[in-house]
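> Below is a structure I'd like to ask you about.
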Amino acid sequence: MAQLGEKDIELIEKAKDAIARNYDGERFLHTVGAALRTKEGKVYVGVNVYSVHGACAELIALGAAITAGEREFETIVAVNGESGEPMPPCGNCRQMLSDYAPDCWVVIQGEGNLCKVPAKSLIPHSYHAQY
């Protein structure tokens, strides 16, 4: 577990901005925003896309970064579109982050305050795909 720095606070703001521009509280198609920072400092954002088999905001941001050729990730955060509060990744996102970005920090709500933990720590004894 690690403390948040100034760059992490900026990353949270980028996730908030992504969902603020796309929030759909009427049909609930887009309710979560995410921002992913690479080790080189580039930021990729995403919002969830809801359907029967939708995709989470974290996966959209990760996919955008990978599509752009990125492979080294530093920190990711997802925020609730209604409250703007950071939220933990779901089980599927935890598995994908463990597979694609195991050393990436994930911003979560700790005991009383925000902190960040390595993605690989979110699923103990996880299955690791060989990509």
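The values are calculated or read from the model by the stated rules, or taken from the named source; none is laboratory data. Remember, predicted model here, so these are calculated numbers, not experimental data. Methodologically, a virtual Cβ is constructed for each residue, glycine included, from the backbone with ideal geometry; neighbour enumeration extends over all protein chains shown. What goes into the accessible areas is simple: the full protein's heavy atoms, side chains included, and nothing from ligands, DNA or RNA. Shrake-Rupley method; radii C 1.70, N 1.55, O 1.52, S 1.80 Å.
> Count charges around G63 for me, please; just the other residues with Cβ under 15 Å from its Cβ, Lys/Arg as +1, Asp/Glu as -1.
That works out to -1.
> Now for a separate question. Measuring with a 1.4 Å probe in the full set of protein chains, what accessible area per residue, in whole Å², belongs to the range 1-115?
For the range 1-115, the per-residue accessible area is 54 Å².
> Multiply the residue separation of A20 and L114 by 0.36 nm, subtract the distance between their alpha-carbon atoms, and state the gained length in nm to one decimal.
Extra length from A20 to L114 when fully extended: 31.8 nm.
> A further question on this structure: Filter the chain for me: DSSP H helices, axial length by Cα at least 18 angstrom, mean Kyte-Doolittle hydropathy not below -1.0. List them by residue number.
Working: long enough: 6-20 (21 Å, -0.43).
The answer, listed by residue number, is 6-20.
> Expressed as a whole percentage, what fraction of the accessible surface of the chain belongs to carbon and sulfur atoms when a 1.4 Å probe is rolled over the protein heavy atoms? Present the calculation step by step, with values, prior to reporting the outcome.
Working: 3870 of 7410 Å².
That share works out to 52 percent.
> Then there's this: Need the list of aspartates and glutamates near K16 for cross-linking: C-alpha distance under 16 angstrom, and skip anything on the same chain fewer than eight residues off.
Within reach: E6, D8, D24, E58, E82, E85.
> Counting Lys and Arg as +1 and Asp and Glu as -1, each charge on the Cβ, what is the dipole of the range 46-131 about the Cα centre in debye, to the nearest 20?
In debye, rounded to 20, the range 46-131 gives about 180.
> Let me cross-check E82: its accessible surface, 1.4 Å probe, with only protein heavy atoms counted, in Å² to the nearest 10?
That residue has around 150 Å² of solvent-accessible surface.
> M87 accessible area, nearest 10 Å², 1.4 Å probe?
It works out to around 60 Å².
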